[in-house]
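The structure under discussion appears below in the form of structure tokens.
Derivation of every value follows stated rules applied to the coordinates shown; laboratory data play no part. Quick caveat, the model's predicted, so the values are computed rather than measured. Positions of Cβ are backbone-derived with ideal geometry, glycine not excepted, and every protein chain shown enters the neighbour counts.
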Amino acid sequence: QEKQVPVGGLQGIVVLPAYRRKGVGTGLIDRFLEWCESLNLDKASVAVAPANEAAIALYEAMGFEAMTLILERQN
């Protein structure tokens, strides 16, 4: 069983289309990771929709890996 450690969580970011592919998303994630480090958090997580391939590629390029599966149901 994995030891429980505090995790910095990011529910996602939104970058307006005119500013995409200009380093804005990378900068936002860098600041999030700096914030996590300033709080001495050993882990950081981000939530992203499986269909958002561009965001997944960005997060993976920044060292994130798929670790958790969350299932949802509409009532």
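Below, the figures for the structure above:
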{"read-out": "Rounded FRET efficiency, nearest 0.05, which uses the C-beta distance separating Ile56 from Arg31 and R0 of 25 Å", "value": "0.80"}
{"read-out": "Highest-fluctuation residue, Gly25, Gly63, Gly12 considered, GNM on the chain with Cα pairs under 10 Å", "value": "Gly63"}
{"read-out": "Given (1) -0.80, -0.87, -1.00; (2) -0.71, -0.78, -0.93; (3) -0.89, -0.97, -1.11, the label whose value is log10 I(q)/I(0) by the Debye sum over Cα atoms at q = 0.19, 0.20, 0.22 Å⁻¹ derived from this model", "value": "(3)"}
{"read-out": "Shape call, segment 35-75: gyration tensor on alpha carbons, a/c limit 1.5", "value": "oblate"}
{"read-out": "FRET E, pair Ile70, Asn40, Förster distance 35 Å, beta-carbon r, rounded to 0.05", "value": "0.85"}
{"read-out": "Qualifying trypsin sites (Lys or Arg not before Pro) in segment 1-68, DSSP loop, other Cβ atoms within 10 Å at most 16", "value": "Lys3, Arg20, Arg21, Lys22"}
{"read-out": "Positive-end residue of Leu16, Ala55, Gln4, charge dipole of the chain with Cβ unit charges", "value": "Leu16"}
{"read-out": "Check: the chain dipole with +1 on Lys, Arg Cβ and -1 on Asp, Glu Cβ, in debye", "value": "260 debye"}
{"read-out": "Backbone N within segment 1-43 under 16 Å of label point (7 Å from Ala49 Cα along the Cβ vector)", "value": "11-17"}
